[in-house]
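Accompanying notes for the structure given below.
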Amino acid sequence: MIHCELNLRDGSRYRKIEMAKKNIGSNFDQFLEEEGQLFSANALALKKVIAWKIAQEMEKQQLTKTELAKRMQTSRAALNRLLDESDPSLTIATLTCAAVALGKRVEMNLT
């Protein structure tokens, strides 16, 4: 086992991490897959990017949440769920609706 300890600038100990030597050198996706977390991590990362891009465009257009919700013909609560980075659930219909309301379109590719 390899023991790692992370100390913060203020001197407090953050946490101790132990990992088997076999994980050294493997890539992060392999690690997440081994831990059964690859799908969740990818979904959450994608949702964070989507929420960030929508918020960025709202700011650029100086739109409030209320104004965008009206354009989307949805509730402000539904828009809040769309902008919630920690909630990976999102439908293509909602994403497309937000894009159209912002005068944009959704483009995607699988790599």
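Checking residue 23 against (1) modelled with pLDDT under 80; (2) surrounded by fewer than 11 Cβ atoms within 10 Å (Cβ to Cβ); (3) of a type outside the set (A, V, I, L, M, F, W, C), which test does it fail?
Looking at each condition in turn, residue 23 falls short on (2).
Could you check how many residues of region 66-98 are exposed (fewer than 15 other Cβ atoms within 10 Å of the Cβ) and of a type in the set (Val, Ile, Thr)?
4
Please go through region 26-66 and give me each residue that is among the polar types (S, T, N, Q) and modelled with pLDDT of 90 or more, ordered by number.
Applying the first criterion (among the polar types (S, T, N, Q)) to region 26-66 yields 26-27, 30, 37, 40, 42, 56, 61-62, 64, 66.
Once the filter is applied, which keeps residues that are among the polar types (S, T, N, Q) and modelled with pLDDT of 90 or more, region 26-66 yields 56, 61, 62, 64, 66.
The values are calculated or read from the model by the stated rules, or taken from the named source; none is laboratory data. Here the structure is a predicted model, which is why all the values come from computation and not from measurement. Neighbour counts are summed over all protein chains in view; Cβ atoms, including those assigned to glycine, are modelled from backbone coordinates with ideal geometry.
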